[in-house]
Each structure stands twice: as C-alpha cells, then as structure tokens.
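Trainee: If you scroll down you'll find the structure; I have some questions about it.
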Amino acid sequence: MIAAFSGQFEIVCRLNPKGLYWGSVMDAMIVANMTRRRSSESILSLSHPGKRTVETSADTETLYLEDIEVGDRWSTDWREITAEDVADFAALTGDHDPLHTQDGAASPFGKPVAHGLLGLGVLAGLSSERPNAATLAFVGIADWQFEAPIFFGDRVQVQTEIEEIQQHGRRAGRVTWIRQLLNQHGKVVQRGRFVTLVASRARARRLSGQEVSQRGTLPAR
C-alpha cells in the first residue's frame, strides 16, 4: 500500500496483485476547475430500499444542511476523459510518465492510461454540482482507493451517498460523502470518502448579510 499525506489530505493507493497502482504521488495537483464536457444523457437513478435518491440538475437551488440527510444519493452527468485532458494534466503537474503518453509503450495494460489524480479531480468537479451543496470548506479525503485504470476515451460518472452528518458549531454541519467514480461499463475505478463543512440557511443568511454590508460601506477617507 502506498500513501500520500499533506495536512488533512490523505490518499491511499491500493496495489493490485502485480504490484501496480493507479494513483501517482506526482499527480498531487488536482484539476478542480477543469472544463467539463457533458453528454446530453439523463441522470441515472439508484433505487435502494430505505435510501432517498435525490434528482438534481446543475441549475437547481443550493442545498443547505437542513435539506440533506444520511442515505441521500446522487448521480452526475457523464464526462469523457480524452488524450487532451491527460496532456493538459501532465503539463500542469509535470508528471510526464510514459505510462500516460498516447502510444502507451510503457503501459502494462497495452494502452495508455490517465493519471489517477486526473480522475480524482474530475470526480471532484462533477460532484460539486450534484449535489450543489452550500459548502463552506473542504476538510479532507479518506480511504481513497484506485480500483482500476482509466483509459483514454473512457466515460466516467460520479455516484455520491451521504454517510454521516455531524453538527459543527451552531450553523454548519460536517458531512461525510461516499463517492465513487464509474466508467461506461459500470465498473468502479475509484472510491473513497470526502469530508466537507456545509452551511445551514442561518449561516448562509449571515454570510449574505455581511457581504451586503461590506458592499455598502464607503472606503475610508
């Protein structure tokens, strides 16, 4: 097992029986704002007894702490991982391992694979809209596992479930999200937990009031 730590950020790369792994410590810069290409396909719903599947879209209203509960589930749109995405990620991070080049000469899979943390970055971006939570802070990642490689041209989707909600102060909650990245074949390629702080409506109103007050204040003379 290989682990990378940075403050409250933790990634565990799980080895396969041949000693290969799909996460790279060199990938440590995640593309949070990368351009997302979406197809026009509809959201996939999960039906589990006792679980509440929440149908949302990118333009839905923000969800506050009062709107969510343990067991809520979401599925995102699909996104294709292209050779251009991989090249851009390599240029950004400096990770030019031959495993990720177009000819795939160094790949034990017979074809090139995307950086593990490129997949994690795409997961973070897709799941930021479904659900569109009132996030105050990103606290950490735990138990992250790279289950299988992502190949050029694969299409991926994120499925999310709320595992735990804890009160954090008077106006926020600490939410643990179970997230997994699936490819077009329904195979889980990555999975783990995200932890964030989510605002209550009272907290959001307070923050909004502070912004209005600041905008209405004249500069000192």
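Trainee: Select from the stretch 178-204 the residues that are surrounded by fewer than 16 Cβ atoms within 10 Å (Cβ to Cβ) and not basic (Lys, Arg) and list them in ascending order.
Mentor: If the condition is that a residue be surrounded by fewer than 16 Cβ atoms within 10 Å (Cβ to Cβ) and not basic (Lys, Arg), then 184, 185, 186, 188, 202 are the ones that fit.
Trainee: Name the residues in the stretch 98-117 that are part of a loop (DSSP other than H, G, I, E, B), surrounded by 17 or more Cβ atoms within 10 Å (Cβ to Cβ) and in contact (Cβ under 8 Å) with a residue 24 or more places away in the chain, would you?
Mentor: Answer for the stretch 98-117, where residues must be part of a loop (DSSP other than H, G, I, E, B), surrounded by 17 or more Cβ atoms within 10 Å (Cβ to Cβ) and in contact (Cβ under 8 Å) with a residue 24 or more places away in the chain: 112, 114, 115.
Trainee: Answer with yes or no whether residue 137 is among the small types (Gly, Ala, Ser), at pLDDT 95 or above and surrounded by fewer than 15 Cβ atoms within 10 Å (Cβ to Cβ).
Mentor: yes
Trainee: Go through 41, 61 for me and flag whichever is of a type in the set (Asp, Glu), assigned to a loop (DSSP other than H, G, I, E, B), at pLDDT below 50 and surrounded by fewer than 14 Cβ atoms within 10 Å (Cβ to Cβ).
Mentor: 41 is the lone residue from the list that is of a type in the set (Asp, Glu), assigned to a loop (DSSP other than H, G, I, E, B), at pLDDT below 50 and surrounded by fewer than 14 Cβ atoms within 10 Å (Cβ to Cβ).
Trainee: Still on this structure, please answer the following. Return the pairs, sorted by first residue and then second, in which the second residue is surrounded by fewer than 17 Cβ atoms within 10 Å (Cβ to Cβ) and charged (D, E, K, R), the first residue lies in the stretch 143-170 and is on the phi > 0 side of the Ramachandran plot, the beta carbons are less than 7 Å apart, and the residues are 6+ apart or on different chains.
Mentor: What qualifies is 143/193; 153/80.
Trainee: Among (1) over 30 Å from residue 101 (Cβ atoms); (2) surrounded by fewer than 15 Cβ atoms within 10 Å (Cβ to Cβ), which single condition is residue 175 missing?
Mentor: Status for residue 175: all satisfied but (2).
The values are calculated or read from the model by the stated rules, or taken from the named source; none is laboratory data. Note that the structure is predicted; figures quoted are calculated from it, not measured. Note: ideal-geometry Cβ built from the backbone for every residue, glycine included; neighbour counts use all protein chains shown.
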